[in-house]
Amino acid sequence: MKKNFILIGVLVAITGFNSQAWANENTEVVSSTEQTTETTSSISETEESNNSTQMESDNQSKEEETNSSQEIEITESNNSPMGKQAQKNPDFLPADPNRRSDLVETPQLRSYALSVPYFAATEPNRPSINFIDVSSHNGNISVNDYNIMKRYGVTGVVVKLTEFTTYVNPYAKTQIENAKQAGLSVSVYHYSWFSDAKMAEAEADFFASQASALGLSKNTVMVNDAEQIDMAKGNVTANSVVFRNRLNAWGYNKVAHYSMFDWFNRKILDTAVLGLQNSWVAQYPYNPVNTNLLHTNYAAWQWSSEVTFPNVNTGIGGKFDVNISYNNLFLSSGDSYDLIDYEKDVNVKGIIKSGQNHGIYSKIYNTEGDNPRLASSPTYAGKDVEIIKEAKTVKATWYQFKV
């Protein structure tokens, strides 16, 4: 046992640590020891609430022109991943964003007139693969899949969450949960259709409400995927500012904007307004190399949408969008889960020390989702317990016990 965990007879004394138990009485629970200072508050006090307050859109004139996308039906059969149109012309990325939308009536999944080169993550001299972005087309990505990608430099993932005001990626929850369990930084993106301020606010509300429903931290990077040609009916930059401000009103202050280089280059999306350090650009050279990195003044560069990883075969032939990060925006997003360094059986009897007030949970804290606070430690103060397991994460050593 660690020296700070002192056993005296049947007294479990955890001096200088927070003791946290993790289940209701008469059920198996997990406890932790975590060093504290005089200013340390209980974990439950620093947890962000998954609940959100529904925000109301400002009333605007009924005569204001809005998107006619009510006629568009969003389904899995016509949903598209990020940067899809870029593959039509990898070098110049013409403004043909319909190729990536989940809403287009005639979906063009990944069948293109031009042959797009694909690469293996094992190839030397390619640009770094700091993070990937995924959608429903990538299917279920397991923790093991993510761990394989980590061997090739991946430390973050951007998951498609929503599109327009009706579509939600059905794989998003699992893709996010598994990424967190693998220790990746998680951001999310919304495929945008708005062409006026009213729709920008409506889409931001939809995006934020879904992020909140999944319990995503307010520290999460929220991405405006601006490539749908319908957006150009209005002022894309001005409407993107409205979209950003609406997300800010929900408490999501890390907002980035993604598009093909063509739109940034023509100032359809103006980085002078949105900020280069918040802008993520897609451009796919036929021979990307680490000695010729492009767009280094942006937050990130998506340099291919056709990269495979060994033994990862999910989704579209195991091919993924890959990105190099230039400012770590997408590598410090949200709250990732802690990895369990080890877990072993133990057999120790004792009494829970009194004078502490910490959370009780059903699982090891911050190692997976759906782990609400069940009770507080005073509930168990002075009670006999049997410690049956010990586990360690980066934050603490944890003990599972039953009463």
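Computed quantities for the displayed model
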| read-out | value |
| --- | --- |
| Prolate/oblate/rounded label for the stretch 166-296 (Cα gyration tensor, a/c 1.5) | oblate |
| Shape parameters for the stretch 75-331, alpha-carbon atoms, Rg then Dmax in Å | 16.4, 47 |
| Which listed pairs, of K180/K218; K150/K254; K218/K267; K160/K395, have C-alpha distances above 20 Å, in listed order | K150/K254; K218/K267; K160/K395 |
| Ranking of F243, F309 by count of other Cβ atoms within 10 Å, fewest first | F309, F243 |
| For the stretch 226-341: rounded, prolate or oblate by the Cα gyration tensor [a/c cutoff 1.5] | oblate |
| Shape category assigned to the stretch 215-290 from the gyration tensor of Cα positions, a/c cut at 1.5 | oblate |
| Theoretical gain in end-to-end length, V394 to A238 [0.36 nm per residue, Cα-Cα removed] | 51.8 nm |
| Residue order, fewest to most beta carbons within 10 Å, for I364, I268 | I268, I364 |
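Computed from the coordinates by the stated procedures, all read-outs in this text should not be read as laboratory data. This is a predicted model, so every value here is computed, not measured. Using ideal geometry, Cβ is built from the backbone for each residue, glycine included, and neighbour counts are taken over all protein chains shown.
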